[in-house]
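Here is the structure we will look at, set down as structure tokens.
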Amino acid sequence: MKPDSTEQRLRGLMLASLDGDAAAYRVLLADLTRYLRPWFARRLSAAHVSHAEDLVQETLLAVHSRRMTYDRSRPFTAWLHAIAHHKFVDHVRRHAIRPTVPLDDDAPIFASDDSAHAADRRDVEAVLATVPDRTADLIRQTKLEGASVAEAAARHGMTETAAKVSIHRGLKSLMGRFAGGGK
Amino acid sequence: MTDELINRLSADLEPVPPRALERRIWTALALGALVTLPYAYIVLDLWLGRPFVPLMGERMFWVKFVYTLAFALIGFAAVPALSRPDGRIRWPFILSGLGLLVALGFGTMRWMESDWIMPELMGQTAMVCPWLIPLTGLPVLAALLWAMRPLAPRSATMAGLAAGLLAGGFGAWTYAFFCGEDGMMFMAVWYSLGIALTAALGAVLGRVLLRW
């Protein structure tokens, strides 16, 4: 972490860009994109995180069209942050006035963002692959998808008791293998 | 998508000379001032019948001359700084407030010396002076706001306020050449009010026009 070197590097590129060096400008904009994307993503709520790319583009456009306001004798990153902050505040205001989260009656109110758990989901599938297919199905339906044991049993054409036993055995075998028990 | 934008922007790159922002503002100010010459003559002298009589022999003329020019200079220093996204300065407004207090102080003393007679405060033109100053400053204000549109002020309102201060100071300075009032208190109250009205007008217009 050497913030000074980042500042020096970006400022050098900016000064060259202001003098008309298109190659330096291209490098600068690419660098800014890499730097701004996580900067915005970190500040946006989960519902708006997809706007990060728009904000990056708006910031690049502002850097371009308002580059006249950069004072050559002052730090570049401070100027850039001021612009990015301005765009961010603007975004927050716009969405505070007109929230874009639809509150449909039939949508689950506590819907969670599944994409964040995609990795977990993949791990679960890998683990379930180690038990028999039917047991894996039963566990998936009852434990992950929220079906009752009776529903799951009916889907597989078995009695509720048999399903319960199957789930219990499957989980037990999984625990034996993955829970770190040295049994 | 973003790469496309980068390509487009870097193809569109044109060099920006040092101090381009200051030069833009100075050019606008010069244009506005140039327009003000005939404008003030036409509006104040020909239309409103206030003859161009700079009372150069009187001390009060020079007090007004300096007082109004001071606000213009403060605004002049503040406009470029407040036109930047990272520009955040308060001293111009604090300094303006102090200048106003000093003028009110001196004005009150002179008014007291003259036994609180109303003409020292109201003169002949107290009811028009604060309106004619913004009117006189209008060309400069318009030129400044126009020049500041492609800039990126941290706060559009503050940038507009600074532009209004500059235009108000300049308008009052110009107006002093058409004004025969010689009361210190008159200047401290009504000239200041005229400048403040212009600054407020700048702030209101800037809030809308200088958004980015």
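In the set (1) surrounded by fewer than 19 Cβ atoms within 10 Å (Cβ to Cβ); (2) within 14 Å of chain A (Cβ to nearest Cβ); (3) not β-branched (V, I, T), the condition left unmet by B:M148 is number (1).
Take the residues in the stretch A:37-88 that are within 27 Å of the chain's Cα centre (by Cα) and among the charged types (D, E, K, R), then tell me which one is nearest to A:A22 (Cα to Cα). That would be A:E58. Would the stretch B:71-83 turn up any residue that is polar (S, T, N, Q), closer than 28 Å to A:L13 by Cβ and in contact (Cβ under 8 Å) with a residue 24 or more places away in the chain? Yes: the stretch B:71-83 contains one or more residues that are polar (S, T, N, Q), closer than 28 Å to A:L13 by Cβ and in contact (Cβ under 8 Å) with a residue 24 or more places away in the chain. Scan the stretch B:123-137 and give yes if some residue there is hydrophobic (A, V, I, L, M, F, W, C) and buried (at least 24 other Cβ atoms within 10 Å of the Cβ), otherwise no. Yes, there is a match, as at least one residue in the stretch B:123-137 is hydrophobic (A, V, I, L, M, F, W, C) and buried (at least 24 other Cβ atoms within 10 Å of the Cβ).
Looking at the stretch B:35-73 only, could you name the residues that are among the hydroxyl-bearing types (S, T, Y) and crowded, with 17+ Cβ neighbours inside 10 Å? It would help to see each step written out before you state the result.
To start, the set of residues in the stretch B:35-73 that are among the hydroxyl-bearing types (S, T, Y) comprises B:36, B:39, B:41, B:67-68.
The answer is B:T36, B:Y39, B:Y67, B:T68.
If a residue must be among the hydrophobic types (A, V, I, L, M, F, W, C), farther than 19 Å from A:A82 by Cβ and either within 12 Å of another protein chain (Cβ to nearest Cβ) or part of a helix (DSSP H, G or I) (or both), how many such residues does the stretch A:1-40 contain?
Qualifying residue count for the region: 6.
Per-residue answers, yes or no, for (1) more than 14 Å from chain A (Cβ to nearest Cβ); (2) over 17 Å from the mean Cα position of the chain (by Cα); (3) of a type outside the set (F, W, Y); (4) farther than 15 Å from B:W173 by Cβ:
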site	(1), (2), (3), (4)
B:R8	no, yes, yes, yes
B:A11	no, yes, yes, yes
B:E14	no, yes, yes, yes
B:I42	yes, yes, yes, yes
B:L46	yes, yes, yes, yes
B:L55	yes, yes, yes, no
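Against the condition of a type in the set (G, A, S), out of contact with any helix residue (DSSP H, G or I) (no Cβ under 7 Å at 6 or more places or on another chain) and surrounded by fewer than 19 Cβ atoms within 10 Å (Cβ to Cβ), how does B:G99 come out, does it pass? I'd like the intermediate steps shown before the answer.
Values: of a type in the set (G, A, S): yes; out of contact with any helix residue (DSSP H, G or I) (no Cβ under 7 Å at 6 or more places or on another chain): no; surrounded by fewer than 19 Cβ atoms within 10 Å (Cβ to Cβ): yes.
No; evaluated as a whole, the condition is false for this residue.
Only one of the listed residues (B:A203, B:A167, B:A199) is part of a helix (DSSP H, G or I), modelled with pLDDT of 95 or more, among the aliphatic types (A, V, I, L, M) and under 21 Å from A:V89 (Cα atoms). That residue is B:A203.
The values are calculated or read from the model by the stated rules, or taken from the named source; none is laboratory data. Worth saying up front: this structure is predicted, and the values here are computed from it rather than measured. Quick reminder, even Gly has a Cβ in these numbers, built from the backbone with ideal geometry, and neighbours come from all protein chains shown.
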